[in-house]
Each structure stands twice: as structure tokens, then as C-alpha cells.
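Asker: Next up is a structure, given as C-alpha cells.
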Amino acid sequence: MRLSIILLLPLVVAAGPLERVGEKPLDVAGAGELAVEVIDAQGAAMAARVTVTASDGTHPDGSGRGAYKDGRFFAEGTFKVRVAPGRTGLKVSCGPEFEPIDETVDIPAGRSVQVRAVPRRWIDLARLGWYAGDHHVHTQHDAKATIRTDSAYTALQGRANGLSVITEADAEVPGAGGANLDTTAFLYRRALEQRPGPFVGHINTPGITRPLDQDRADALMKRPLPALALLTAVHELDGACIRTHTFTPPHLLHWMGAAEAWSDVALGVCGDLMDVDGQASEMLYFAALNLGNVVGVSSYTDSALGREQTLSPGDRRVYAKSSKLDYPAMITAMRLGRTFATNGGSVFAFLDVDGKEPGETIHPAPGQKLKFRGTVRSLGPLLQAQAFGPAGMMQSFNVSGRSGEIVVEHEFTAGETPAWFLLRAQDQRGNWAITSPVYIFPTGAKLPANVSAVLLSIANHTRYVVLSREFFAHAIVTVRPPEALAEVRLMKDGKVVKTWKPADGDQWANGRVPVTDIFGTYSAGWAWHKEAATTCHFQADWPVTEDGWYGVVALTTNGREIRGESLRYDAANPKSRAISSARLAGPGTTLDWCGYGEEMDLIDIHEPFKGDHWWYPDNSAWRLKGVLEGQTRETGGGKQEMLGSVVGGR
């Protein structure tokens with residue numbers, strides 16, 4: 001094995017200048033004013049993200065639309081703010097390709113001070129063929145908005161944060177109507193976020209050439225695994241399918257998190273891209289790759305820009321490789337996995353494995369030598385750069401404290417089984433970048449077999465966002481064809497409560513798909529599903545009224561027994577609650593997740609209940625553990641002591 005690091009000349013230069021260009025009397029005694037012009041090196045006005053901190057600690061708004069909770073607002077070239085006299089903080093940024101400005105300006109009482117900001121560009125990614133997008137943005141996600149936003153202000157925020165494209169995820173957007181918000185360096189498009197139902201998750205569909213026909217969409221959702229069905233329809237419309245906010249909220253399977261993704265990963269088809277927004281989603285992404293899925297990396301904000309506290313477009317983002325600023329070309333690149341993702345900072349990662357770039361596949365002979373070559377470009381000092389592969393972290397490079405452009409190399413030998421390799425980099429301020437993988441598929445190799453997913457939730461929610469006093473067990477089991485399911489059992493304290501076999505057929509209560517249909521209340525029901533003529537998936541709802549440890553056990557036609565973690569139901573607990581577990585397993589790979597959340601007293605639920613308390617309850621906890629070829633990673637949050645008595649058991 002050969003390891004080397006090549007340090008090139010730094011790209012970082014001194015901080016961008018802020019010039020005081022004038023001062024004049026102000027017609028308000030005892031007040032001060034700051035007038036700012038933001039221009040590029042050629043003198044053209046620049047869209048900017050701004051935070052002003054007055055001497056009294058307040059954050060004045062220079063946009064006329066309201067400042068966000070952290071004080072930020074967005075301006076096109078110029079703005080003025082009234083401030084308390086004294087030392088005034090000014091932060092100006094124009095995206096991660098420009099050096100940010102963070103200075104103080106002394107404002108005398110009764111005076112207006114004019115300054116000029118000229119952010120310096122330190123890198124030009126478009127010249128390298130990379131364009132940044134945020135494909136999950138909501139201009140106004142709520143009926144009421146604190147920030148006076150519209151499509152034009154959304155586009156301004158994207159340009160100020162250095163995005164090349166925004167895909168608006170709502171069908172109805174206030175303001176600007178069908179106005180063209182494109183510029184020579186920025187595109188604004190719309191593609192509706194799909195929300196198929198509970199225990200499915202949300203999917204973004206950038207690039208679709210027209211909205212998905214509602215009748216067809218309804219038909220696609222009227223089956224188990226609706227997200228899998230959606231993939232084909234979106235591709236027919238030239239769009240990409242992105243699995244988004246896969247652990248939102250992190251303790252709950254029921255609603256926004258990508259519960260179906262666990263089943264689709266087991267089947268080997270989980271969409272075009274998967275959003276990574278932290279350690280948990282990264283662990284799910286690595287598990288998907290390890291189990292033979294070809295899926296690119298993406299990231300997003302899910303900004304709700306009318307809210308006072310929300311991310312801004314591009315605070316997380318995906319870069320796609322394209323020969324020019326062209327929306328269809330960028331979508332094609334995304335579907336091919338020609339991407340890297342970041343959390344919006346000035347850290348960028350690029351990968352080459354034996355001349356192949358992210359999304360491409362190498363077909364080496366077993367034993368063939370291959371060279372991993374990564375390039376990291378960073379404005380600030382790095383913390384780490386790492387090569388990841390099927391065994392988890394494969395190589396850590398000594399880059400701590402370095403900035404500018406750094407090339408890292410690693411030589412490895414192709415094995416006999418499929419593999420993948422990607423580059424992840426992070427700076428000392430927490431900014432990160434992660435590439436999609438290069439895939440290694442040796443001659444004669446086969447995809448992993450004996451892959452399964454088992455999910456179980458016991459909760460008192462209905463199919464949508466309301467609560468009930470009745471508790472149901474919701475069970476999901478998936479295996480990868482040609483292996484098939486022979487039998488699924490719901491267990492309590494080691495004894496069988498209910499047995500299901502494919503020959504027994506389906507039971508849809510009130511004509512609704514068990515588990516995943518979106519409206520109404522739950523009743524006992526179950527459904528089997530086939531892929532490639534193989535009965536590989538099962539989902540069921542079953543009422544729970546008695547105390548005990550509940551679990552799911554499945555038998556396959558290969559003679560395997562698979563099971564997930566057991567959950568404890570306590571009939572005397574007076575709280576509304578959801579207890580959930582999920583297990584994804586295959587050769588060399590196991591991912592275990594559990595979550596618990598409780599909120600209001602059951603006695604306070606007067607049906608039909610109206611509210612959404614179960615989304616983010618007061619008391620919650622979750623835990624995720626992943627094992628890739630013996631390497632273990634764990635993460636979690638909330639009140640961990642709550643999990644011990646309700647998850648695991650027997």
C-alpha cells in the first residue's frame with residue numbers, strides 16, 4: 001500500500017476589504033446609520049447575505065422584509081440600516097466561493113456612514129464544471145409568515161449564498177408569479193416535493209418537465225412501497241428522485257423520515273440520490289452503498305423561508321458536474337451520481353479512482369492495483385480528509401491545519417466482491433464535503449444476497465397528523481429477491497400473536513393500503529408485495545391492547561429467520577407515545593435504529609383530535625448503530641434513559 005499527500009500552493013489570501021467611503025449628517029438626533037454598497041472586483045452590484053449587530057446588541061433589518069432569528073437578511077447591492085451609535089458589527093458573505101467580510105464600523109451619533117464591501121473570490125467552481133443547487137426549498141411553507149417572502153426574495157437568497165440553482169418544492173408560491181427569476185449565473189425552477197404517506201418518507205423530484213399527473217400519482221400511491229413506484233414515473237418526466245430528511249424527526253418512523261428507504265435499500269433500488277445532513281443520514285447512506293445500491297450523495301435545507309428561524313437556501317447543498325449552467329444537464333449529472341455535497345461552507349472535495357469520477361464504475365480483475373486520488377480545496381484550515389469504502393473509514397490523511405488545495409492519494413487492491421470508495425473532508429469550523437462514490441465491480445462479482453429490513457412501530461397516531469387513543473403495531477419486512485418471504489409472525493413475550501403467510505392473501509381495511517395509506521384511521525390489515533415475481537415485502541397493522549414485549553419474526557424460503565428489536569408496550573402508561581425500531585442487515589453490514597417519543601396525556605385526546613403534537617414531543621430519544629465490516633459507528637440524541645425500558649427487551 002502506498003500513501004502520499006501532495007501540498008499545492010495555498011489559494012487563501014487576506015480577508016476581503018471593507019472601505020469607509022463617506023459620512024454625512026443624519027436628520028435623526030441620537031441615532032446612527034450604516035449605508036453599505038456590495039460590489040465585485042469589476043464594480044457590479046452583488047447579492048449578499050448580511051448580518052448587522054448594533055452597539056446595543058440588536059440586529060436591524062436592511063431588507064424591508066424582516067430579519068431572521070440570527071439577524072441575517074439579504075440585499076441586492078446596497079442597503080441602509082438605522083443603528084444605535086457606537087461600534088457596529090457587519091458581516092457580509094456572497095457564498096462559499098468568496099471570502100466573507102466580518103468587520104466593525106464606528107458609527108457616530110447623528111451621522112450616516114457609507115462603506116463599500118468588495119468580497120474577494122478565492123475559487124470559481126463553475127470554471128471547474130461544478131454547479132451548486134438546493135433542490136428542497138419552501139418559499140412559504142405555512143399559512144402565515146413572519147418574514148415577508150416571495151419567489152423573488154427566495155431567488156435573491158440563493159444568489160447571495162452562491163447557488164447556481166434553486167428548486168422550489170411547493171406547487172403554490174406567493175409573489176413573482178411566473179416571472180423569470182433566472183440570471184446568467186442562476187436558475188430558479190419548481191418541482192413538487194412528493195409526500196406519499198406514513199412510513200414512506202418524502203421525495204424531491206427536481207428536473208421533472210411537468211407536474212406528475214394527479215390520477216397517476218394516486219394510483220402509484222395505492223400500493224405497498226409507493227416511493228419505489230414513484231421512481232419510474234419521475235424518470236419518465238426527466239426528473240431525479242432524492243430521498244430527503246431521512247431522519248426527520250430522528251425518533252419517529254411514521255411521517256417525514258424515509259422509513260420506506262430501509263425496504264428499498266434492502267431491495268437494491270433506493271432512488272437516484274440520498275440527502276446527507278449529518279452522521280445518522282451518512283450512516284444510512286454508507287449502509288445503502290455497502291449493500292449494493294448505486295445512489296449518489298446530495299444535501300438540502302428544507303428551508304421554510306417565511307419562518308423567522310430556518311436555514312437559508314444553500315446552507316446545505318449538492319454540486320453537480322456539467323459543461324455549462326443548464327438545468328437538464330445538471331439533473332442528468334445528479335441521476336448519474338456526478339455529485340458532491342456540502343453543508344454550505346468553503347470546503348470542496350473531488351475524487352478520481354484510476355481515471356474514473358464519482359458515479360462511474362470500474363471493472364477490474366481481482367488483485368488489480370487501483371489508485372485513489374482525492375483533491376480538497378478549503379478556504380480555512382482543515383481538520384481531516386478521509387477515504388471511505390465498504391469497510392467504513394479506509395484511510396485518514398494527515399491534513400490537519402492545512403488550507404488551500406491538497407491532493408491525497410492511496411493505493412489499494414481490488415477484491416472479488418463489489419466495492420465503493422468516496423472522499424470526505426471537514427475543516428476546523430465544522431464545514432464538510434462528501435463525494436458520491438466511484439464503484440468497483442470486479443469481473444464475475446455478484447451483488448450482496450441475504451439482505452433484509454425489519455421495521456416495527458407501536459403508536460397511537462392515525463394515518464395522517466392526528467392522534468387517537470388506540471394503539472397499533474405497524475410491521476414492515478423486506479428481503480432481497482430471489483429470496484422470498486415464507487411467513488411473518490407478530491410475537492408477544494416470545495409467543496405468537498398473529499401469523500401471516502403469502503397464501504393467505506391480503507386484507508385491506510376500508511379499501512386502504514395497510515400501514516402506508518395516507519388518510520383515515522387504522523384497522524387490522526396486511527399486504528404482500530412482489531418484485532420480479534418474488535414475494536419479497538410485507539406490511540401489516542395489528543391492534544395492541546395488552547402489556548408485553550412485541551417483536552417481528554420472519555422466515556424466508558432460504559430457511560433464514562430474521563427479526564428486529566422487540567418493543568415494550570405498557571397499557572398503563574397514560575401518555576400518547578410512539579416506540580419504533582428498524583434493522584437493515586446484509587453481508588458485512590448491520591444498521592440498527594430505535595426511537596421513542598411521548599407527549600400529551602391520552603385522556604386529553606378528544607377524537608377526532610386536531611393537532612400535530614406527536615411530530616416533536618417533549619420527551620424523546622433515539623439511537624443508531626451501524627457496523628460495516630467490523631467497524632462500528634454510533635449516534636443518538638434525546639433522553640437515552642427512556643429507551644432502555646421500551647426497546648430491546650426479549
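The values are calculated or read from the model by the stated rules, or taken from the named source; none is laboratory data. No experiment lies behind these values; they were computed from the predicted model shown. Neighbour counts are summed over all protein chains in view; Cβ atoms, including those assigned to glycine, are modelled from backbone coordinates with ideal geometry.
Asker: Name the single residue, out of those in region 123-149 being within 24 Å of the chain's Cα centre (by Cα) and of a type in the set (D, E, K, R), that is surrounded by the fewest Cβ atoms within 10 Å (Cβ to Cβ).
Answerer: ASP142
Asker: A further question follows. Got a number for residues in region 494-515 being within 22 Å of TYR569 (Cβ to Cβ) and either surrounded by 15 or more Cβ atoms within 10 Å (Cβ to Cβ) or outside the structural domain of ILE458 (by TED's automatic domain parsing) (or both)?
Answerer: Counting residues in region 494-515 that are within 22 Å of TYR569 (Cβ to Cβ) and either surrounded by 15 or more Cβ atoms within 10 Å (Cβ to Cβ) or outside the structural domain of ILE458 (by TED's automatic domain parsing) (or both) gives 6.
Asker: Collect the residues in region 26-53 that are surrounded by 10 or more Cβ atoms within 10 Å (Cβ to Cβ) and farther than 22 Å from GLY77 by Cβ, keeping them in residue-number order.
Answerer: Within region 26-53, VAL28, ALA31 meet the criteria.
Asker: I'd like to verify a number: residues in region 410-439 that are assigned to a strand (DSSP E or B) and over 21 Å from ALA341 (Cα atoms), how many? Give the steps one after another, and end with the answer.
Answerer: Looking only at region 410-439, we keep the residues that are assigned to a strand (DSSP E or B), and these are 410-413, 419-427, 432-435, 438-439.
Remaining after also requiring over 21 Å from ALA341 (Cα atoms): 410-413.
Residues in region 410-439 being assigned to a strand (DSSP E or B) and over 21 Å from ALA341 (Cα atoms): 4 in total.
Asker: Quick one: is TYR550 under 19 Å from PHE471 (Cβ atoms), surrounded by 22 or more Cβ atoms within 10 Å (Cβ to Cβ) and of a type in the set (Ser, Thr, Tyr)?
Answerer: Values: under 19 Å from PHE471 (Cβ atoms): yes; surrounded by 22 or more Cβ atoms within 10 Å (Cβ to Cβ): yes; of a type in the set (Ser, Thr, Tyr): yes.
For TYR550, the condition - under 19 Å from PHE471 (Cβ atoms), surrounded by 22 or more Cβ atoms within 10 Å (Cβ to Cβ) and of a type in the set (Ser, Thr, Tyr) - is met.
Asker: Follow-up. Does region 294-328 hold any residues that are touching a strand residue (DSSP E or B) at 6+ places or on another chain (Cβ under 8 Å) and in a helix (DSSP H, G or I), and which are they?
Answerer: Residue satisfying the conditions is TYR327 alone.
Asker: Okay, next question. Scan GLY257, GLY239, GLY201 and give me the residue that is touching a Phe, Trp or Tyr at 6+ places or on another chain (Cβ under 7 Å), assigned to a loop (DSSP other than H, G, I, E, B) and closer than 16 Å to HIS136 by Cα. If you could, list the steps in order and put the result at the bottom.
Answerer: Working: GLY239 fails: touching a Phe, Trp or Tyr at 6+ places or on another chain (Cβ under 7 Å); GLY201 fails: touching a Phe, Trp or Tyr at 6+ places or on another chain (Cβ under 7 Å).
The unique qualifying residue is GLY257.
Asker: Examine region 472-486 for a residue that is in contact with a Phe, Trp or Tyr (Cβ under 9 Å, 6 or more places away or on another chain) and surrounded by fewer than 20 Cβ atoms within 10 Å (Cβ to Cβ), and state whether such a residue exists.
Answerer: No, region 472-486 contains no residue that is in contact with a Phe, Trp or Tyr (Cβ under 9 Å, 6 or more places away or on another chain) and surrounded by fewer than 20 Cβ atoms within 10 Å (Cβ to Cβ).
Conditions tested, residue by residue: (1) surrounded by 22 or more Cβ atoms within 10 Å (Cβ to Cβ); (2) within 22 Å of the chain's Cα centre (by Cα); (3) modelled with pLDDT under 95; (4) assigned to a loop (DSSP other than H, G, I, E, B).
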site: LEU591; (1), (2), (3), (4): yes, yes, no, no
site: GLY595; (1), (2), (3), (4): yes, yes, no, no
site: GLU599; (1), (2), (3), (4): no, no, yes, no
site: ILE603; (1), (2), (3), (4): no, no, yes, no
site: HIS606; (1), (2), (3), (4): no, no, yes, yes
site: HIS613; (1), (2), (3), (4): no, no, yes, yes
site: TYR616; (1), (2), (3), (4): no, yes, yes, yes
site: TRP622; (1), (2), (3), (4): yes, yes, no, no
site: LYS625; (1), (2), (3), (4): no, yes, no, no
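Asker: Right, something else. Are there strands (runs of 3 or more DSSP E) fully within region 109-180 with at least 1 residues that are among the β-branched types (Val, Ile, Thr) and either out of contact with any strand residue (DSSP E or B) (no Cβ under 7 Å at 6 or more places or on another chain) or closer than 20 Å to ASP40 by Cα (or both)? List them.
Answerer: Details: elements: 111-117, 130-138, 165-168.
Of the strands (runs of 3 or more DSSP E) lying wholly inside region 109-180, those with at least 1 residues that are among the β-branched types (Val, Ile, Thr) and either out of contact with any strand residue (DSSP E or B) (no Cβ under 7 Å at 6 or more places or on another chain) or closer than 20 Å to ASP40 by Cα (or both) span 111-117.
Asker: Tell me, which strands (runs of 3 or more DSSP E) wholly within region 495-576 include 2 or more residues that are among the aliphatic types (A, V, I, L, M)?
Answerer: Numbers: elements: 495-500, 525-531, 534-544, 548-556, 561-563, 566-569.
In region 495-576, the matching strands (runs of 3 or more DSSP E) lie at 495-500, 534-544, 548-556.
Asker: Within region 306-349, which residues are aliphatic (A, V, I, L, M) and buried (at least 24 other Cβ atoms within 10 Å of the Cβ)? Walk me through it before giving the result.
Answerer: Residues of region 306-349 that are aliphatic (A, V, I, L, M), as a first pass: 311, 318, 320, 325, 329-331, 333-334, 336, 341, 347, 349.
Result: VAL318, ALA320, MET330, ILE331, ALA333, MET334, ALA341, VAL347, ALA349.
Asker: Which condition from (1) modelled with pLDDT of 95 or more; (2) touching a helix residue (DSSP H, G or I) at 6+ places or on another chain (Cβ under 8 Å); (3) under 16 Å from ILE458 (Cβ atoms); (4) of a type in the set (Ser, Thr, Tyr) is the one that SER581 breaks?
Answerer: Among (1) modelled with pLDDT of 95 or more; (2) touching a helix residue (DSSP H, G or I) at 6+ places or on another chain (Cβ under 8 Å); (3) under 16 Å from ILE458 (Cβ atoms); (4) of a type in the set (Ser, Thr, Tyr), SER581 violates only (2).
Asker: Given the options VAL399, VAL407, name the one that is part of a strand (DSSP E or B) and either in contact with a helix residue (DSSP H, G or I) (Cβ under 9 Å, 6 or more places away or on another chain) or of a type in the set (Val, Ile, Thr) (or both). Break it down stepwise before answering.
Answerer: Values: VAL399 fails: part of a strand (DSSP E or B).
Exactly one residue qualifies, and that residue is VAL407.
Asker: Still on this model: Tally time: how many residues in region 75-99 are surrounded by fewer than 20 Cβ atoms within 10 Å (Cβ to Cβ) and more than 16 Å from THR53 (Cα to Cα)?
Answerer: 4
Asker: I'd like to know if region 370-388 contains one or more residues that are at pLDDT below 95, surrounded by fewer than 16 Cβ atoms within 10 Å (Cβ to Cβ), outside the structural domain of GLY588 (by TED's automatic domain parsing) and over 22 Å from the mean Cα position of the chain (by Cα).
Answerer: For region 370-388, residues at pLDDT below 95, surrounded by fewer than 16 Cβ atoms within 10 Å (Cβ to Cβ), outside the structural domain of GLY588 (by TED's automatic domain parsing) and over 22 Å from the mean Cα position of the chain (by Cα): absent.
Asker: Can you list residue pairs whose Cβ atoms sit under 6 Å apart, with the first residue in region 147-176 being closer than 19 Å to GLY133 by Cα and the second being aromatic (Phe, Trp, Tyr)? Count only pairs 6 or more apart in sequence or on different chains.
Answerer: Qualifying pairs under 6 Å: ALA155/TYR188; LEU156/PHE74; GLN157/PHE74; ARG159/PHE186; ALA160/PHE74; SER164/TYR131; ILE166/TYR188.
Asker: Among the residues of region 577-589, which ones are in a strand (DSSP E or B) and among the small types (Gly, Ala, Ser)?
Answerer: The initial filter retains those residues of region 577-589 that are in a strand (DSSP E or B), namely 577-586, 589.
Those that are in a strand (DSSP E or B) and among the small types (Gly, Ala, Ser): ALA578, SER580, SER581, ALA582, ALA585, GLY586.
Asker: Part of a strand (DSSP E or B) and under 18 Å from PRO206 (Cα atoms), is that true of ASP106? First the steps, then the outcome.
Answerer: Numbers: part of a strand (DSSP E or B): yes; under 18 Å from PRO206 (Cα atoms): no.
Against the criterion (part of a strand (DSSP E or B) and under 18 Å from PRO206 (Cα atoms)), ASP106 does not qualify.
Asker: Still on this structure: Find all pairs meeting these conditions: Cβ atoms under 8 angstrom apart; at least six residues apart or on different chains; first residue within region 490-516 and under 22 Å from VAL479 (Cβ atoms); second residue surrounded by 16 or more Cβ atoms within 10 Å (Cβ to Cβ) and hydroxyl-bearing (Ser, Thr, Tyr).
Answerer: Filtered contacts from region 490-516: LEU490/TYR550; MET491/TYR550; MET491/SER566; VAL497/TYR550; PRO502/THR535.
Asker: What's the total number of residues in region 49-86 that are touching a Pro at 6+ places or on another chain (Cβ under 8 Å) and part of a strand (DSSP E or B)?
Answerer: 4
Asker: From the list VAL466, VAL438, which residue is more than 23 Å from the chain's Cα centre (by Cα) and either crowded, with 24+ Cβ neighbours inside 10 Å or of a type in the set (A, V, I, L, M) (or both)? Reasoning before the result, please.
Answerer: Values: VAL438 fails: more than 23 Å from the chain's Cα centre (by Cα).
After ruling out the rest, the residue left standing is VAL466.
Asker: List pairs: first residue in region 84-99 and among the polar types (S, T, N, Q), second residue at pLDDT below 95 and crowded, with 19+ Cβ neighbours inside 10 Å anywhere in the structure, Cβ distance under 6 angstrom, at least six positions apart or on different chains.
Answerer: Between residues of region 84-99 that are among the polar types (S, T, N, Q) and residues that are at pLDDT below 95 and crowded, with 19+ Cβ neighbours inside 10 Å, there is no close pair.
Asker: Need the failing condition index for THR209 against (1) out of contact with any Ser or Thr (no Cβ under 7 Å at 6 or more places or on another chain); (2) touching a residue at least 60 places away in the same chain (Cβ under 8 Å); (3) within 16 Å of TYR327 (Cβ to Cβ); (4) assigned to a loop (DSSP other than H, G, I, E, B), just the number.
Answerer: (2)
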